[in-house]
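The values are calculated or read from the model by the stated rules, or taken from the named source; none is laboratory data. For clarity, every value in this text was computed on a predicted model and none was experimentally measured. Every residue, glycine as well, gets a Cβ built from its backbone with ideal geometry; the counts of neighbours run over all protein chains shown. Just so you know, the surface numbers come from the protein's heavy atoms only, side chains and all, with ligands and any DNA or RNA stripped out. Shrake-Rupley method; radii C 1.70, N 1.55, O 1.52, S 1.80 Å.
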Amino acid sequence: MYVTALVVAAGRGERIGAPEHGPKQYRLIGGRTVLAWTLDTFRQHAAVDDIQVVIHADDHALYRATVGDADAHLRPVAIGGATRQASVHAGLEALAASATPPEVVLIHDAARPFVRATEITAIIDVITSGCGAISALPVVDTLKRARPDAHAPLIETTVARDNLWRALTPQGFRLADIRDAHRAAVADGHADLTDDAGIAEASGLEVRLVAGDPGNTKITTADDLADAEKRLMSLPADQPAGTPGLAFPDVRTGTGFDVHRFAEGTSVWLCGVEIPHDQRLDGHSDADVGLHALTDALLGAIGDGDI
Ligand code: CTP
Ligand code: MG
């Protein structure tokens, strides 16, 4: 089955603020752009054949700087529209018109760099002809429906949360199915639908849910960006390949010390250098306290016991 990831990266990121720093998908977390992390996970997934990125017409230079030189995984970019719906649609039409249209497309927000390989695998496993599958999380909090009020919103009812899910991306569909659904949405006068599953449902497609990863959050605000940076820095180094954080240096510290008594002699060895002196440091070894303290610190940093 030919699978293409369709990554939409044409938004302007208005809610994140600080427009002088550019669109959020090109901001840095863990030393790389958000988009670079997102692309990695799809690039490294064995069941994903290639990637179609949708960018804004103003962002060619930013995109080039993110992806570097030509990469066999990346199709030529498509140019997005004024809404997410329009950008997804542009990507779908580009794929359908290409020389090698995929059977299945996994639509994903560039702004979700923490997508997991397990989510991608689960979605691909569930998709069949006529059925899409999306990553989603069961709702765990109690839900209230409220009406706006000058004092504070006023609760009208409590909504039962059984069988309620939050839709994430990736969202996977047969390309022809979702392309037709998007065309139908436009024909019905819709231009700003933010959820492809909703578009698919509206045209009668079955869409199933696979358990998403709670870490697969979308970067929307400046706080989200700061959180993403913190998460990348705190990930252990033994994460599976493709996990954001792997390329981030594993910085550790250690302290060490060493003590030898003076004895009669002609020189002292310190850090491998022999210094003439009327005493020496006493020990079974060379009694080089400098190198021994350094070795002790290095062993401490890697958690490997006493010198
Ligand atoms: N997106 C897009 N084209 C648009 C709008 C959004 O490709 N016209 C993409 C964004 O780049 C993002 C994803 O859709 O990866 C999810 O959208 P959102 O989080 O809303 O991003 P923005 O629209 O860029 O942000 P904001 O709504 O705060 O302006
Ligand atoms: Mg938006």
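Just to be sure before I move on: is A46 assigned to a helix (DSSP H, G or I) and either within 12 Å of ligand 1 (Cβ to nearest atom) or at pLDDT 95 or above (or both) in the structure I sent?
no
Identify, by number, the condition in (1) under 22 Å from A226 (Cα atoms); (2) touching an Asp or Glu at 6+ places or on another chain (Cβ under 8 Å) that E14 doesn't meet.
Here E14 clears every test but (2).
Which residues, counting only those in the range 83-100, are assigned to a loop (DSSP other than H, G, I, E, B) and more than 15 Å from I51 (Cα to Cα)?
Within the range 83-100, T83 is the sole residue that qualifies.
Go over the candidates R84, R145 one by one and state the one that is of a type in the set (K, R), surrounded by fewer than 23 Cβ atoms within 10 Å (Cβ to Cβ) and away from ligand 2 (no atom under 16 Å from the Cβ). Before the answer, list the steps.
Details: R84 fails: away from ligand 2 (no atom under 16 Å from the Cβ).
Unique residue meeting the criteria: R145.
Condition (residue is part of a loop (DSSP other than H, G, I, E, B), at pLDDT 95 or above, within 16 Å of ligand 1 (Cβ to nearest atom) and open to solvent by 70 Å² or more (accessible area, probe 1.4 Å)) applied to the range 4-18: is it met by at least one residue?
So far as the range 4-18 goes, yes, one or more of its residues are part of a loop (DSSP other than H, G, I, E, B), at pLDDT 95 or above, within 16 Å of ligand 1 (Cβ to nearest atom) and open to solvent by 70 Å² or more (accessible area, probe 1.4 Å).
Residues that are of a type in the set (G, A, S), open to solvent by 60 Å² or more (accessible area, probe 1.4 Å) and over 14 Å from the mean Cα position of the chain (by Cα): does the range 163-175 have at least one?
So far as the range 163-175 goes, no, none of its residues is of a type in the set (G, A, S), open to solvent by 60 Å² or more (accessible area, probe 1.4 Å) and over 14 Å from the mean Cα position of the chain (by Cα).
Find all pairs meeting these conditions: Cβ atoms under 7 angstrom apart; at least six residues apart or on different chains; first residue within the range 166-195 and free of Cβ contacts under 8 Å to residues at least 40 places away in the same chain; second residue surrounded by 15 or more Cβ atoms within 10 Å (Cβ to Cβ) and of a type in the set (S, T, Y).
D180/S203; A181/S203; A184/S203
Somewhere in the range 120-137, is a residue assigned to a helix (DSSP H, G or I) and within 16 Å of ligand 2 (Cβ to nearest atom)?
First, pick out the residues of the range 120-137 that are assigned to a helix (DSSP H, G or I): 120-126.
Among the residues that remain, those that are also within 16 Å of ligand 2 (Cβ to nearest atom) are: none.
There is no residue in the range 120-137 that is assigned to a helix (DSSP H, G or I) and within 16 Å of ligand 2 (Cβ to nearest atom).
For T220, state whether it is modelled with pLDDT under 95, among the hydroxyl-bearing types (S, T, Y) and farther than 15 Å from W165 by Cα.
Considered against the rule, which asks whether it is modelled with pLDDT under 95, among the hydroxyl-bearing types (S, T, Y) and farther than 15 Å from W165 by Cα, T220 comes out as no.
Output yes when any residue across the range 100-123 is more than 16 Å from ligand 1 (Cβ to nearest atom) and either free of Cβ contacts under 8 Å to residues at least 24 places away in the same chain or under 19 Å from H190 (Cβ atoms) (or both), and no when none is.
The answer is no; no qualifying residue exists.
Please pick out the residue among V77, V53, V104 that is within 17 Å of the chain's Cα centre (by Cα), within 30 Å of A176 (Cβ to Cβ) and at pLDDT 95 or above.
V53
Of the numbered conditions (1) open to solvent by less than 70 Å² (accessible area, probe 1.4 Å); (2) within 22 Å of the chain's Cα centre (by Cα); (3) of a type outside the set (S, T, N, Q), H89 satisfies every one except a single condition; which is it?
(2)
Look through the range 284-302, keep the residues that are aliphatic (A, V, I, L, M) and part of a helix (DSSP H, G or I), and return whichever of them is modelled with the lowest pLDDT.
My answer is A301.
Restricting to the range 19-51, and then to whatever is on the phi > 0 side of the Ramachandran plot and either more than 16 Å from ligand 2 (Cβ to nearest atom) or of a type in the set (D, E) (or both), can you tell me which residue is most open to solvent (accessible area, probe 1.4 Å)?
Restricting to residues being on the phi > 0 side of the Ramachandran plot and either more than 16 Å from ligand 2 (Cβ to nearest atom) or of a type in the set (D, E) (or both), the top hit is G31.
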